1. Using the Cα centre of the stretch C:1-110 as the reference point, and only Cβ charges (+1 on K/R, -1 on D/E), how large is the resulting charge dipole? Debye, rounded to the nearest 20.
2. Heavy atoms only, probe 1.4 Å: what % of the accessible area of chain A goes to carbon and sulfur, would you let me know?
3. Treating only the Cβ atoms of Lys and Arg (+1) and Asp and Glu (-1) as charged, compute the dipole magnitude of chain B about its Cα centre; round to the nearest 20 debye.
4. Kindly provide the pair-distance distribution of the stretch B:296-349 built from C-alpha pairs, with 5 Å bins from 0 and whole-percent values in order of increasing distance.
5. What per residue convex hull volume, in Å³, comes out for chain A when only alpha-carbon positions are used?
6. Among C:25, C:91, C:13, pick out the residue whose Cα is farthest towards the positive end of the charge dipole of the stretch C:6-132, where Lys and Arg carry +1 and Asp and Glu carry -1 on C-beta, about the Cα centre.
7. Tell me the total accessible area that A and C bury against each other, 1.4 angstrom probe, in square angstrom rounded to 100.
8. Go ahead and estimate [θ] at 222 nm for chain A from helices alone: -39,500 (n - 2.57) per DSSP H run with n ≥ 4, summed, over the residue count, rounded to 500.
Amino acid sequence: MTDAPAPSTPDPASVDRELRELADKQAALGEMRGAPAADPVNAPMIRHWQDALGDANPAYLDQGVAPPAMIQVWTMQGLRQHAAKDRSPVDDTLAALNAHGYTGVVATNCEQTYHRYVRLGERLTPSTRFTSLVGPKRTALGEGYFATWNVTWYGEADEPVAEMMFRILKFRPRTSQGPSSAAPPSETAGSEAAKPQETGRREPYPLRPAVNADTAFFWEGVQQGELRIQRCADCGELRHPPGPVCPACRSTNRTHTVASGHGTVYSYVVHHHPPVPGRETPFVVAVVELPEGVRIVGNIVDCPTDAVSIGMSLRVTYRALDDELVLPMWAPGES
Amino acid sequence: MLKSRAAIAGIGATEFSKRSGRSELRLAAEAVFAALDDAGVAPGDVDGMVTFTQDTNQEIAVAREIGAGELTYFSRVEYGGGAACGTVAQAAMAVATGVATTVVCYRAFNERSGRRFGQPDARLGGQPTSQGLEMSWHVPFGLMTPAGWVAMFAQRYMHTYGATSEDFGRVAVAMRRHASTNPAAWFHGRPITLAEHQESKWIVEPLHLLDCCQESDGAVALVVTTTERARDLRRSPAVITAAAQGSGAGQMMMTSYYRDDMSGLPEMGVVGRRLWEMSGLTPQDIQTAILYDHFTPFVLAQLEELGFCGRGEAPGYLQDGGIELGGRLPVNPNGGQLGEAYIHGMNGIAEAVRQLRGTSANQVSGVRNVLVTAGTGVPTSGLILSAG
Amino acid sequence: MRTLTEDQVELGSALPELSIDLTPTVVVSTALATMDFTPVHHDVERARAQGSKDIFLNILTTMGLVERYVTDWAGPAAIIRRINVKLGVPAYAGDRLSFTGTIVSRAAGELTVEVRGKVSLGDHATGTITLTLPTAP
């Protein structure tokens, strides 16, 4: 029924180069501010945490401060949907690693530095930067890349109160069952894309594109974290959606350019009804205008539906919908 | 020239319902019989058949059911509801050129109780045909229902011209007002207010439920013959003064988001120019129009593309009952597809014929010329029918 | 409650061992207390479906337990400056997590304790925690 893009098997050197380039791009984005914590630092959550961990230290609540190791708790997503601007430059790289078969994940390092103890009533804001991608390395779990990112939490006066370095190993599982039981996955709180359940096979996403010789380059690009726009090799005309012939000059010599990944909303809709297979409603679909001069359709993610407007700045992001299909999507950009 | 060479001599329909309880082929046969009886033509006289590519009833199957003899012309028109007036255009061409003498145009479906067009179908983008590939730029993102495809245009139209959801709502209110006094309409006796439109649930923002036409089971058939012969038949003919199909540059099936303008309907502009040119008429010569209304926003865009008002002026044109009975241009006196039934535009052509005959439930006075359009957002078609 | 002062600690000395029974209740309640609802920390079937033998402790809890281990020993006046942890094997429900620690450095008023948290499969967490203690009154 479907013609899913064939899993691309470019040579390891080119995969490595692509991953590095994506990682460099992500790193170049620098620190990206996330959504402020849903709740201020508060006594009930501290008491609950201390009880669960068996930590009887009276100093915290006596002095109106939180246990320093709770720092990450304040900005956990919990069971809520992605909130406004709660995005991270980490996700794209992890999606690309997944797309290349590095679907296993174990956390390897967590380092936290506390500049001061946070006080009751303070509302913290996290900020994340992608730091490095190192590999491929042979490890006991299989070949993999070490991805590192840093989170800084800011207080209400915008002063850093704590920092964290987090490192994970994304590895190519030796079997399709995921990591062997001798070395089960650990956990990587802090990044949705790296949650350990993703080491298992995912339900196939039902809405697959048909792909043929004229369009394969686009979907291969997406698998590698590139937004490829068809360019006529003779007259230079850019064209999206692509096709076999240049309507401007009749040439069939086609190449592509890699889009900058920036865009603006040209139009958009919010889908409520009826239910769509593989999707949770409501979701946003937009016609995105690229500075390169073409338009492309995609979902807007990491943004409340009522915050979307025509003209808003976007940046591309890549999301793995299952173990094979990656789709380009759009998150609010820096304006 | 095709102008005035052919006419619609008969119209027929089944009842419009949510569950016909009959096969689509049976619905087709019933509607064709009704149209033939209306025209006073025997099944054995039918030598041509035209329908939509989406129709599940092959021409030969319908011909067998009605007891037609030999066929010399059979054809299908593409692009969903955009085919409606196109079936008549092709029938007119066939009779004008002598390829056939009596052509039946039909559309029959159980669109509510059978396959519903508004439901997402994951197979839309599944095949690497040109259409499957076109859909593949949209379906993976969940943009896969007609309401979604139209909403994308509507949002841009609102942005460009400052139109509001209430402007769209005025179309729905007008159609439901018309349907309320049409006994054949599903929504007979059930008008709505603008407030009810605004309160109806979101389907795909910016479209509310009441911006979307209903889903219907039913069939409509039309008999097309030469104008000369039609004059000898039982009913006064609805002369096909002009007929046109139109596709714009950079056209896609419902998702033409990649060309310069997203706030108009260039393909309807093509149809409009051809209709005015062929007929020699102007918008002032039209007493009532049947504008395809599967979704309200495109009624505004059509008023503009066809020259009833300027670009971005449709919201003003709709004010104060502008398209209601008694208004500047009564649109869809039958209640349209929002109010009467969704038979892919074919029920609107039948209403145009009734208006010319003077037999509509909501008769507009002094009707000489009726403009009819087909599906919007897709390659489309249109007619100007005149009292003969 | 007892609290240590700077002069009371000696480089190279060991901390008292702390051993925690990782009951399912501990694994689940700590996961929820750290706002981590990932199924592998509370749903045995989901954890097994992805190749784990049971639900296991989340990292936020590991960090918290390392902190608790050191503050249990140092007392409420200690100020934690830094926790660096290298993660190893998972700490499954039903296992036992045992902490040992040694004071490895003392510089510029900061004390560094090397901590090791072991489970039956091996080292679950190894690392250092840096803190300051009040000076003697």
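The values are calculated or read from the model by the stated rules, or taken from the named source; none is laboratory data. Bear in mind that the values here come from a model prediction, so they are computed numbers and not experimental data. No Cβ is skipped: glycine too gets one built from the backbone with ideal geometry, and neighbour counts run over all protein chains shown. In case anyone asks, the SASA skips ligands and DNA or RNA and just uses the protein heavy atoms, side chains included. Shrake-Rupley method; radii C 1.70, N 1.55, O 1.52, S 1.80 Å.
1. Its charge dipole is roughly 220 debye.
2. Whole-percent figure for carbon plus sulfur exposure: 48.
3. Magnitude of the dipole: close to 400 debye.
4. 5, 20, 27, 26, 16, 6
5. Expressed per residue, the convex hull around the Cα atoms of chain A is 159 Å³.
6. Result: C:91, furthest along the dipole toward the positive end.
7. Using a 1.4 Å probe, the pair buries roughly 3500 Å².
8. It lands at -4500 deg cm²/dmol.
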